[in-house]
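Novice: Got a structure for you, questions after.
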Amino acid sequence: MTRCRSPAACSSLSRAALTSSSRTLEWTTVRILIPRRRAPSTSSLLRCSSRPSSREPTGCRARSSRDEPASSRICRRTRSLSSTRSTSTGTPLSTPTTSSRRRVSWASDTFSSTRSPRFSKAIVRCAEGPVGVVRFLDDLYAWPDHACRQQERFGGSADAAPAEAGDGVVRVLRRNVEEKHVKPRLRRPAALLAGAIIPLSLLIGQPAGATSAGPVADAFARASAAYEVPRDLLVSVAYAETHLDGHGGKPSASGGYGVMHLVSNPKTHSLERAATLTKLPVASLKTDTTANITGGAAVLRALADELGLGADARKDPAKWYSAVARYGNASQPEVAKLYADTVYDLLGGGVSASTPEGETVKVAARAVEPDRGSYAKVQKLGENSTLAAAAVDYPGATWAAAHSSNYAVSDRPTSDAIDRIVIHVAQGTYAGTIDWFQTGPRPNPTSAHYVVRSSDGAITQMVREKDRAFHAGDYNRRSVGIEHEGWVDQASWFTDAMYRSSAALTRNIADRYGIPKDRSHIIGHSEVPTADHTDPGPYWNWTTYMNYVNGTGGPTNPHTPESVCGSGYKVIDSAPLGTAGKVYLLYNSTSGKNCVATIKTASIGQATATSAYLEVEGQTRVTNSGNFSYYAGPVIAAAADKCVKWGGKAGTYTYDSGFEHCS
């Protein structure tokens with residue numbers, strides 16, 4: 001038996017074995033952070049063997065407590081053996097799956113209850129051959145649970161982990177192993193640091209023979225495993241923030257960086273928090289997509305820990321709602337709820353996004369009913385103000401007041417004529433832009449009268465049209481400003497629903513103030529004299545937009561509620577679903593049946609989430625939901641002389657009635 005007394009010693013493994021197995025090996029030095037009172041030497045980590053043994057598999061095994069004091073014990077991948085006595089012969093204590101491609105043996109350690117009462121028994125997995133070194137290090141440093149908090153499983157306390165962390169430099173095997181020799185498996189990385197978990201997989205890399213969907217998809221998978229954040233939820237957060245575009249490390253309007261939009265501004269410091277949690281440089285978190293995704297996952301996990309989300313709960317995406325709401329960094333609970341609802345709408349409807357490099361990252365649609373926790377009692381944006389309905393100048397908008405320092409009270413058009421409408425792109429998300437306008441006082445105060453959402457064209461008004469929003473320099477006095485969710489260099493934000501909704505708003509404003517509907521009076525921010533901005537940018541389709549403003553161009557829905565429900569049905573009630581559609585209740589006096597249909601008014605011809613339902617009092621609700629191009633329904637039920645509940649959804653807009661129409 002040859003003991004590894006230095007990193008280089010591990011390379012003394014049999015070269016003949018490497019040659020005969022046709023494995024191609026590459027060594028690289030990585031830095032591993034180890035909780036300690038004193039940094040253990042490499043020899044206290046593992047033993048290497050150049051020959052097989054009946055008692056110990058070739059490769060490595062963990063050393064016993066006799067070689068390593070409990071005070072400096074490294075947190076290991078462990079399994080409690082409360083009912084089974086371990087042995088010192090290497091006899092398997094549990095039976096792993098075996099296959100012709102990979103043979104796995106189990107070595108055991110016995111931790112003396114007298115010498116180390118906190119850590120009674122444990123087993124560590126070692127694979128055969130030199131690959132065993134890597135398997136061992138993976139298991140030792142990449143256990144994705146609570147890292148050092150695993151001590152609690154052996155009678156210890158998470159607080160007992162040493163407060164300091166020392167650097168141990170280990171020569172780690174980086175594999176290029178043929179599929180026929182070792183079946184690749186996804187690493188579950190999390191190197192250990194007192195009070196933090198750091199993904200070692202970012203340093204080690206992946207088996208060259210492993211099947212990879214692409215570097216960004218792999219980064220999401222690794223970060224998900226390292227921090228126990230559901231992968232699809234992590235992707236949905238990133239898509240809600242940036243559509244998976246890091247914008248080359250350039251900040252958003254609110255100071256957010258990368259695909260996970262890690263923010264650094266006077267109010268929010270999620271970027272700095274990510275750096276603290278991961279020990280990755282701030283510069284890397286800004287510009288490197290893999291590091292940024294890791295940082296976002298670390299922040300989400302930290303928020304979940306603060307909320308007391310346990311190991312079982314972390315496996316359920318529905319339980320992460322409150323953590324996601326906090327991740328959006330909103331100052332108002334209504335905006336935080338808006339942000340989280342957007343993420344869960346994406347998670348429910350599925351995501352298929354392309355990165356700037358052309359890689360496609362997907363999330364399959366799934367039914368998720370989020371556990372909103374304390375946010376269940378938070379009213380939707382605009383509902384908590386008795387003045388909300390009176391405040392909006394446009395009937396289709398929701399009211400959310402900007403901070404008073406971000407606009408000037410005025411008396412337009414009496415004080416100043418309004419003859420321009422200025423189109424902006426926010427360089428940020430819908431919820432993020434609303435929150436930014438509500439933040440103040442701050443340097444360089446900004447706001448716009450309206451903000452329009454990408455996914456469904458939802459509109460929030462933040463400054464009364466009579467007042468001057470700070471959005472267009474010299475044109476503030478004479479214009480109304482409309483911000484649009486998205487980035488100037490990313491066309492995916494400019495949806496048909498956004499164009500239609502914004503155009504309807506612009507048309508309404510133009511009609512009320514007598515503004516000509518042409519490109520001389522409806523202008524981009526970049527066209528304002530003395531402006532130094534480029535929005536709405538080259539991907540904004542002015543032809544489509546102006547056609548919608550003037551009521552020309554674009555498909556119309558060929559279906560009506562009567563044609564969907566059939567002959568004899570007449571509309572008796574309806575409710576708008578924002579700018580995305582309208583849900584109708586119909587009745588057939590001859591048959592005594594009701595019918596519900598939801599007719600889309602945006603994204604026409606495109607399959608988007610749409611639903612309609614009907615519930616007769618005393619009976620089970622019937623729902624028709626899915627991704628539909630034109631309408632949902634018909635939902636028909638006999639309801640003569642009975643009360644009914646009815647409603648539907650288009651995009652993110654929902655309508656639910658009470659029991660009504662009883663006769």
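No lab work stands behind these numbers, since they all come straight from the coordinates. None of these values were measured; they are calculated from a predicted model. Neighbour counts are summed over all protein chains in view; Cβ atoms, including those assigned to glycine, are modelled from backbone coordinates with ideal geometry.
Novice: Under a Cβ-Cβ cut-off of 13 Å, what is the net charge of the residues other than Y239 that fall near it, where Lys and Arg count +1 and Asp and Glu count -1?
Specialist: Here the charged neighbours net out to -3.
Novice: Using the per-residue mean of other Cβ atoms lying within 10 Å as a proxy for protection, in what order, highest first, do the peptides 293-304, 467-478 fall?
Specialist: 293-304, 467-478
Novice: Over the Cα atoms of the stretch 444-530, Rg to Rh with Kirkwood Rh, two decimal places?
Specialist: Rg/Rh for the stretch 444-530 comes to 0.94.
Novice: Check cross-link reach from K645 to the lysines: straight Cα distance under 23 Å, and skip same-chain residues fewer than eight apart.
Specialist: Those lysines meeting the cut-off are K377, K380, K570, K582, K593, K600.
Novice: Within straight cross-link reach of K286, meaning Cα distance under 28 Å, which lysines are found once same-chain residues fewer than 8 apart are removed?
Specialist: List returned: K250, K267, K337, K362.
Novice: Please tell me the relative contact order of the stretch 391-484 in percent, rounded to the nearest whole number, where contacts are Cα pairs under 8 Å and at least six residues apart.
Specialist: Here the relative contact order equals 42 percent.
Novice: With the cut-off at 15 Å, report for the stretch 256-337 the share of all Cα pairs above it, as a whole percent.
Specialist: 56 percent
Novice: Taking R0 as 60 Å, what's the FRET efficiency between N547 and E306 from their Cβ-Cβ distance, rounded to 0.05?
Specialist: Once the sixth-power term is evaluated, E becomes 0.75.
Novice: Tell me the net charge near G551. Cut-off is 10 Å between Cβ atoms, G551 excluded, with +1 for each Lys or Arg and -1 for each Asp or Glu.
Specialist: Net charge around G551: +2.
Novice: Would you be so kind as to identify which of H533, V409, I434 lies farthest towards the positive end of the dipole of the stretch 388-549, taking Lys and Arg as +1 and Asp and Glu as -1 on Cβ and the Cα centre as origin?
Specialist: So the residue we want is V409.
Novice: Once both labels are modelled 7 Å past Cα along the beta-carbon direction, what's the V622-T287 spacing in nm?
Specialist: 6.1 nm
Novice: Among DSSP beta bridges whose residues both lie in the stretch 388-549, state the antiparallel percentage, nearest 5.
Specialist: Looking only at bridges with both residues in the stretch 388-549, the antiparallel portion is about 30 percent.
Novice: What fraction of the Cα pairs in the stretch 388-549, stated in percent, has a spacing above 20 angstrom?
Specialist: 43 percent
Novice: What percentage of all Cα-Cα pairs in the stretch 561-656 are separated by more than 21 Å?
Specialist: Tail of the P(r) past 21 Å holds 25 percent of the pairs.
Novice: Fully extended, how many nm does the chain gain between D656 and S567 (0.36 nm per residue separation, minus their Cα-Cα distance)?
Specialist: Contour length minus Cα-Cα distance gives 29.5 nm.
Novice: Roughly how large, in nm² to one decimal, is the mean projection of the convex hull of the alpha-carbon atoms in the stretch 228-374?
Specialist: Taking the Cα atoms of the stretch 228-374, their convex hull projects to 8.2 nm² on average.
Novice: If only Cα atoms are counted, what is the Rg of the stretch 597-641, and what is its Dmax, in Å?
Specialist: Calculated on Cα positions, Rg and Dmax stand at 12.2, 38 Å.
Novice: Also: Considering only C-alpha atoms, what is the centroid distance from the stretch 328-351 to the stretch 408-422, in Å?
Specialist: Result: 33 Å between the Cα centres.
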